[in-house]
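Below you'll find the structure, written out as structure tokens, and then a few comments.
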Amino acid sequence: MFSVKRVDIISNTAIMRSSFALFFASVLFSVTLFAEEKIGVRPYEMVNANRTMDTHPPLVDFENLEGWTAETVESEVEFTPSREQQLWGEHVGKLTYKNVPTEKKTPTVTLKPPKPIAIGKEFDCVNLWMYGNNWAWAPNPQTPQVAVTILLQGSTMKPLRLHLGTVNWTEWFLLHKKLSPEQIASLGDAPCFEGIEIRGGTNKE
């Protein structure tokens with residue numbers, strides 16, 4: 001399970017930021033929150049520094065998941081707003097997933113906004129805040145590490161898959177990836193954010 005927070009893209013150091021608390025849960029897009037929901041605390045570093053806003057305005061902040069969908073391969077998922085982990089604002093996106101084997105394909109979940117989101121300015125980096133669900137130094141076969149990829153596209157209509165990393169932590173972590181000039185050029189004009197792919201969730205629970 002993980003949580004995500006923001007996707008930002010910033011001019012010159014463009015940043016796509018999503019707080020992924022690997023709190024992702026099946027494609028339930030109701031924004032209803034229950035009174036008994038656990039409300040987490042922000043990282044003490046943020047609290048002590050009085051940081052209540054991120055360095056750059058986010059492209060996606062996951063405060064509202066209305067219209068978001070999850071495409072799945074050999075997986076069952078729920079994707080819901082949550083306050084279980086806190087970072088910026090009030091809500092993060094929580095993804096809960098498990099493997100449902102059918103054709104021996106790699107379990108994959110692709111989270112997509114209601115429509116592609118225009119980046120709207122020059123950029124060369126993507127940031128994603130994510131709360132993980134396992135530690136690299138203490139492997140747990142019940143919680144396999146998953147790969148996180150950002151999906152981009154532009155006027156060339158050639159999709160660009162930007163691998164951000166493999167989840168191996170259990171706290172908030174900022175994934176950062178700088179695009180090469182060739183990758184930026186491959187998008188052409190009007191680049192858009194199309195979604196987030198989580199791959200390799202072979203856990204049965």
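Quick notes on this structure:
- When Val126, Val92 are checked against the criterion of being among the aliphatic types (A, V, I, L, M) and touching a Leu at 6+ places or on another chain (Cβ under 7 Å), a single residue qualifies: Val126.
- Inclusion of Lys94 among residues that are of a type in the set (Lys, Arg) and touching a Ser or Thr at 6+ places or on another chain (Cβ under 8 Å) is warranted.
- Qualifying residue in region 98-106 (condition: touching a strand residue (DSSP E or B) at 6+ places or on another chain (Cβ under 8 Å) and either over 16 Å from Arg199 (Cα atoms) or aromatic (Phe, Trp, Tyr) (or both)): no
- When Thr102, Thr170 are checked against the criterion of being touching a Gly at 6+ places or on another chain (Cβ under 6 Å) and free of Cβ contacts under 8 Å to residues at least 40 places away in the same chain, a single residue qualifies: Thr170.
- For Lys121, the test of being in a strand (DSSP E or B), open to solvent by 50 Å² or more (accessible area, probe 1.4 Å) and charged (D, E, K, R) is failed.
- Reported count of residues in region 8-60, each being at pLDDT 90 or above, under 18 Å from Ile198 (Cα atoms) and not β-branched (Val, Ile, Thr), is 0.
- Put simply, of Tyr131, Tyr97 the only residue that is aromatic (Phe, Trp, Tyr) and open to solvent by 30 Å² or more (accessible area, probe 1.4 Å) is Tyr131.
- Every pair of residues 6+ apart whose Cβ atoms lie under 7 Å, when the first sits in region 43-72 and is open to solvent by 30 Å² or more (accessible area, probe 1.4 Å) while the second is in a loop (DSSP other than H, G, I, E, B) and among the acidic types (Asp, Glu): Glu63/Glu90
- Filtered residue count, region 113-157, keeping only those that are small (Gly, Ala, Ser) and closer than 18 Å to Ile196 by Cβ: 4
- Comparison of Thr102, Thr106 shows that the only residue that is of a type in the set (Val, Ile, Thr), open to solvent by 50 Å² or more (accessible area, probe 1.4 Å), part of a loop (DSSP other than H, G, I, E, B) and under 30 Å from Gln183 (Cα atoms) is Thr106.
The values are calculated or read from the model by the stated rules, or taken from the named source; none is laboratory data. Keep in mind it's a predicted model, so treat the numbers as computed, not measured. Every residue, glycine as well, gets a Cβ built from its backbone with ideal geometry; the counts of neighbours run over all protein chains shown. Keep in mind that these areas ignore ligands, DNA and RNA; they rest on the heavy atoms of the full protein, side chains included. Shrake-Rupley method; radii C 1.70, N 1.55, O 1.52, S 1.80 Å.
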